[in-house]
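Structure first, commentary second.
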2 protein chains.
Amino acid sequence: MRALGRHILAEFFECDTHILNDRDLIEIYMKQAAIECKATIVDSVFQTFNPHGVSGVVVIAESHLAIHTWPEYGYAAIDVFTCGETVDPWVATRALQNLLKAKQTTTVEMKRGEIKSDEVLRHKPAITQEVTSNF
Amino acid sequence: MRALGRHILAEFFECDTHILNDRDLIEIYMKQAAIECKATIVDSVFQTFNPHGVSGVVVIAESHLAIHTWPEYGYAAIDVFTCGETVDPWVATRALQNLLKAKQTTTVEMKRGEIKSDEVLRHKPAITQEVTSNF
C-alpha cells in the first residue's frame, strides 16, 4: 500500500515573535524550506494581517507549503504537503522549525490518498497518522 | 480551552474525473466553497499538471483552502483551514464534496493552536482530531 501524498501539520510554539510578524522574512524562509527539501516552486502568495500575523502559501510542483502565524501567541501553524519520492516534507518542516526558532513543536504526518496495487482503497479510512512531539 | 484555528483534511474518492482535470472549474468551485462558508478571498493560485491533475490554493482572510487532484485515481486531497468564529470549514468541505461529486470521503478535523486562558499550552500536544468517514 502506498500513499499519493504526505502531509505534515506542525504546531510551532514559542517562536521568535518578530519573525512571525515579518511578511517578507516569512516568505523568504518558506521558499528556503521548499528549496531545502528539493521541491520545485511554482508560485506563492503571502499576506500581512492587521494588527498581527502573516498567512502564506508556496505552491510547489509536488503540492504546497502553508503558514499562518499568530505573533501575539508566538505560534505558527505549518503544513507541508508533498507527493512523489524526491521530496521529503520533514526536511522542510525541520528547516522552518529552526528558522522560526520554535522551542516547542508538535507534528503529525498524515498519509493522503492511500492506494493499493494502483486501486483506490474504498472500504477503509484513507488517513493514518504518526505523531511526534517534543513537549 | 480554545483553538486558534480549525483544519479539516478531506479525502475525496470516486470524484468526477473530468472535473478533477479541469483547472478553471476547480478554481471556480474552490472559490465558491470559500464564499459559501462566508470566508473573505484574498488571493489564489491554481496550476495544471502534465499529464494529469490540478493543484490550487485560495488564501482567505481566515487562512486557506487547498486542493490537489489525481484524476487518474478519481481522488482529490482537500484541506480547509479557518480561524475565527464566523467561518465554518465544514460548510466549505461539504460544498466541495458535492461539487466534485465525491462518492467516498474521509475527513479529519485538527484543532490548531490550542490555547488556554490566552496562554499557549506548553506541555500538551496541541493537535487533537475528530474523524468522520462514510466508507
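Quick notes on this structure:
- Filtered residues of region A:23-40 (kept if under 13 Å from the mean Cα position of the chain (by Cα), within 14 Å of another protein chain (Cβ to nearest Cβ) and not in a helix (DSSP H, G or I)): A:ALA39
- Positions within region A:46-76 being under 16 Å from B:ARG112 (Cβ atoms), of a type in the set (A, V, I, L, M) and at the interface with another protein chain (Cβ under 7 Å from one of its Cβ atoms), in sequence order: A:VAL57, A:ALA66
- Restricting attention to region A:6-38, the residues that are in contact with a Pro (Cβ under 9 Å, 6 or more places away or on another chain) and within 16 Å of B:HIS68 (Cβ to Cβ) total 3.
- Subset of region A:47-56 (residues that are surrounded by 15 or more Cβ atoms within 10 Å (Cβ to Cβ) and touching a Pro at 6+ places or on another chain (Cβ under 9 Å)): A:GLY53, A:VAL54
- Residues that are at pLDDT 95 or above and surrounded by fewer than 24 Cβ atoms within 10 Å (Cβ to Cβ), drawn from region A:57-71: A:PRO71
- Among residues of region B:78-107 that are at positive phi, those with a beta-carbon under 7 Å from a residue that is of a type outside the set (Val, Ile, Thr) at least six positions away or on a different chain give the pairs B:GLY84/B:GLU62; B:LYS101/B:CYS15; B:LYS101/B:ASP16.
- A:ASP43 vs. criteria within 13 Å of chain B (Cβ to nearest Cβ), more than 13 Å from the chain's Cα centre (by Cα), under 24 Å from B:ILE41 (Cα atoms) and part of a strand (DSSP E or B): yes
- Filtered residues of region A:28-46 (kept if crowded, with 17+ Cβ neighbours inside 10 Å and touching a residue at least 24 places away in the same chain (Cβ under 8 Å)): A:TYR29, A:MET30, A:LYS31, A:ALA33, A:ALA34, A:CYS37, A:ALA39
The values are calculated or read from the model by the stated rules, or taken from the named source; none is laboratory data. What you see is a predicted model, and the numbers here were worked out from it, not measured in a lab. Glycine also receives a Cβ, built like all others from the backbone with ideal geometry; neighbour counts cover every protein chain displayed.
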